[in-house]
1. If R₀ is 41 angstrom, what is the calculated FRET efficiency for the pair residue 276 and residue 213, using the beta carbon separation as r and rounding to 0.05?
2. Return the subset of 214/318; 298/322; 204/298 for which the Cα-Cα distance in this structure is over 22 Å, preserving the input order.
3. Can you tell me the FRET efficiency between residue 308 and residue 44 if r is taken as the Cβ-Cβ distance and R0 is 56 Å, rounded to the nearest 0.05?
4. Normalised radius of gyration for the range 285-366, please: alpha carbon Rg relative to 2.2 N^0.38 Å, two decimal places.
5. Counting other Cβ atoms within 10 Å, keep those with at most 11, restrict to DSSP loop, and tell me which trypsin sites (Lys or Arg not before Pro) in the range 257-318 are left.
6. Give me the distance in nm between label points sitting 7 Å out from Cα along the Cα-to-Cβ direction at residue 331 and residue 356, one decimal.
Amino acid sequence: MALILTFLGKSGSARTKVAIAAAKQLASQGKRVLLAGSAEPALQILLGIPIGSDPQEIAANLHVVQFQTSVLLERSWEDVKKLEAQYLKTPILKEVYGQELSVLPGMDSALVLNAIREYHESGKYDAIVYDGNGDTSTLRMFGMPEFLSWYVRRFRQLFVNSDLGKAISESPLIQPLISTFFNINWTSDNFAQPTNQVHNFLDKGRAALADPKKVAAFLVTSNDPVEIASVRYLWGSAQLVGLTVGGIILVSNDRTVQVSEQFTPLHVSVVPDVKTEDWQALIDALPNFVEQAVQAPKPIEINIQEHKVSLFLPGFDKKQVKLTQYGPEVTIEAGDQRRNIFLPPALSGRPVTGAKFQNNYLIISF
C-alpha cells in the first residue's frame, strides 16, 4: 500500500516547496510518486508547468495532479447514481447530471479524500504527497473516516432500538411496502447490508490513518514565534484526529536556529529556504519520512490489562482538554477538535474512574 504524506503549517509557499522536494526525493529513490495539490496556482507556479485534473508524468517515477473539486464531483456523481440503483428499484437521481452540480461547503474535503483513497488503492503509486491547505481543514479531512464511523455506529443503533425501527422490523404490513421500493430485504437490523458496507469502507480508512507507515504528516515552520505557536496547535490537533506527526521541518538559512524544546520528542530537520531552481539543496536536507513517523509518539495507545487509554496531546494545556462520557464512548475535546474514542470490548461501556493530564498525555482510567 502507498504512503500518504502531507504537510501542516502556516506558510503556504514554504510548505508547497517542501512537498515538491519530498516528492522528488521519494521519486529519486525509485518509488512511484504522485504529487497532488489543490486547484490554487502555487504548485504549478513553483513547478513551472501547467497541471491538469489527471495525473501527468513530469519526471522519472514522478506524476503530478491537481484536485479540481468540480471535476471530482462530476466523476463521483456517477458512482452515487450506481449506488442508488443498487438499493432503490426506481432510481430518482438518473436525471441529475454531474456537470450541473455546484460544490457546497464541505464537499471539497470529502471529494479530495475520496480521490486520494482511489489513487491509494489503484496500486499505481508507492507514495502520494498531498499539498493541501495544511490547516485544521486538512486535519478534519483526514479524520473523516473516524468521525463518520462514529455517526454510523451511534445513529444506526439508535434507529434500530427506536419505536420506528422496531415497527419497520416487526410489522407484517411495512416489510412488503419496503420491498416494493428497495432491492434489499431489511430484517431486524434495518440497515444491515448498506451500513456494513459503509463500516468496511470507513474501517479501512481508520486503519490506514492509525498506521504511520501508510499515513503521516510533518510540520513545516520558520523560527517565527507566531508560526511555531500555530504548528504546535496543529500538532496537538493532528494527534487528537489520529494523524501521526512524524517530525518538524524548520525552513531557515541559519543552521544554528534551535526550536527543539518546543517540539520534544520529535526530530527537527533544518532545511534551506531555496529558490525553485535549487531543489537539490532542499531534497538533501529532508529526513527519512517513514523512519521518523514510525518513531514518533502514537496519537492513542490502549492498555487493556491496566484499563487505561493514553492520548498524546502536545500543544495544549490541562485547561484546554475536556473529557466527557455521555454515550457508550468517551469524548475528548482539545482546541477546536473533538473525537469519540472507539473502545475495545474489554473497556466498552465501562465508566471513567479517573483522568490526568501529564507530560502532554491525557491518561484515562476505566
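1. 0.85
2. Details: 214/318 31 Å; 298/322 20 Å; 204/298 18 Å.
Over 22 Å Cα-Cα: 214/318.
3. 0.70
4. Cα-based Rg divided by the globular estimate yields 1.21.
5. When the trypsin sites (Lys or Arg not before Pro) of the range 257-318 are filtered for loop state and at most 11 Cβ neighbours within 10 Å, 275 remain.
6. 2.7 nm
All of the numbers you see were taken from the coordinates with simple rules; none came from a lab. These numbers were taken from a predicted model, which means no experiment stands behind them. Positions of Cβ are backbone-derived with ideal geometry, glycine not excepted, and every protein chain shown enters the neighbour counts.
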